[in-house]
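To start, the structure under review is shown below, and the notes come after it.
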Amino acid sequence: MVAVLIVLIGLAIIQASLIVHTRNSLVDAAVQGAHFGALAGSDPEDGAQRAEELLERRYGDALGAEATAVQDPDGTIHVRVTATLPLVGLLGPSGTLAVEGRALDEEQW
């Protein structure tokens, strides 16, 4: 009986670690995409494509990640990345995870 509890706790720790790692990877891709879209000569949509390319290289189609980019009137570029949560086994939280990266547009400075 104790072994079952230890296995469940171990799987819960692995699931939490996987979600945190995935979240950090999504945040990094969103920030890198925002910085790429903020470069002189680029537009925000280039940043969204860059974020999707980074996630495609890392995870393939496993997360179904999609990125969108918008530019505020003050020159801030927002890249929003949404993806499904990865699961360990058949149990775990289901749903999507959304993160955002921001950068200032170089051409507005």
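The values are calculated or read from the model by the stated rules, or taken from the named source; none is laboratory data. Note that the coordinates shown come from a computational prediction; the quantities given were computed from them, not determined experimentally. Using ideal geometry, Cβ is built from the backbone for each residue, glycine included, and neighbour counts are taken over all protein chains shown.
For the range 68-82, a tally of residues being in a strand (DSSP E or B) and not hydroxyl-bearing (Ser, Thr, Tyr) returns 8.
In contact (Cβ under 8 Å) with a residue 24 or more places away in the chain and either part of a helix (DSSP H, G or I) or out of contact with any helix residue (DSSP H, G or I) (no Cβ under 9 Å at 6 or more places or on another chain) (or both): which single residue out of Leu11, Leu63, Leu97, Leu5 fits that description?
On the way: Leu63 fails: either part of a helix (DSSP H, G or I) or out of contact with any helix residue (DSSP H, G or I) (no Cβ under 9 Å at 6 or more places or on another chain) (or both); Leu97 fails: either part of a helix (DSSP H, G or I) or out of contact with any helix residue (DSSP H, G or I) (no Cβ under 9 Å at 6 or more places or on another chain) (or both); Leu5 fails: in contact (Cβ under 8 Å) with a residue 24 or more places away in the chain.
Only one candidate qualifies: Leu11.
Could we say that Leu5 is over 19 Å from Pro86 (Cβ atoms) and more than 18 Å from the chain's Cα centre (by Cα) here? Please lay out each step first, then the result.
Values: over 19 Å from Pro86 (Cβ atoms): yes; more than 18 Å from the chain's Cα centre (by Cα): yes.
In short, yes.
Enumerate the pairs (first residue in the range 71-87 and within 30 Å of Ala12 (Cα to Cα) and without any contact (Cβ under 8 Å) to a residue 24 or more places away in the chain; second residue anywhere and among the acidic types (Asp, Glu) and not in a loop (DSSP other than H, G, I, E, B)) with beta-carbon separation below 8 Å, excluding pairs fewer than 6 apart on the same chain, so at least 6 apart or on different chains. As it stands, the answer is Thr82/Glu66, since those pairs meet every condition given. Restricting Leu54, Leu18 to residues that are assigned to a helix (DSSP H, G or I), surrounded by fewer than 17 Cβ atoms within 10 Å (Cβ to Cβ) and out of contact with any Phe, Trp or Tyr (no Cβ under 8 Å at 6 or more places or on another chain) narrows the list to Leu18.
So for the range 25-38 (the condition being surrounded by 18 or more Cβ atoms within 10 Å (Cβ to Cβ) and of a type in the set (Ser, Thr, Tyr)), does at least one residue qualify? Break it down into steps so the answer makes sense when it comes.
Going residue by residue through the range 25-38, those that are surrounded by 18 or more Cβ atoms within 10 Å (Cβ to Cβ) are 25-26, 29-38.
Those still in the list that are of a type in the set (Ser, Thr, Tyr) too: 25.
Yes, some residue in the range 25-38 is surrounded by 18 or more Cβ atoms within 10 Å (Cβ to Cβ) and of a type in the set (Ser, Thr, Tyr).
What number of residues in the range 21-39 are touching a helix residue (DSSP H, G or I) at 6+ places or on another chain (Cβ under 7 Å) and either without any contact (Cβ under 8 Å) to a residue 24 or more places away in the chain or outside any helix (DSSP H, G or I) (or both)? Of the residues in the range 21-39, 2 are touching a helix residue (DSSP H, G or I) at 6+ places or on another chain (Cβ under 7 Å) and either without any contact (Cβ under 8 Å) to a residue 24 or more places away in the chain or outside any helix (DSSP H, G or I) (or both).
Among residues of the range 83-94 being under 13 Å from the mean Cα position of the chain (by Cα) and not in a strand (DSSP E or B), the one that is modelled with the highest pLDDT is Leu85. Look at Ser42 and say whether it is under 30 Å from Trp109 (Cβ atoms), at pLDDT 90 or above and assigned to a loop (DSSP other than H, G, I, E, B). Criteria met by Ser42.
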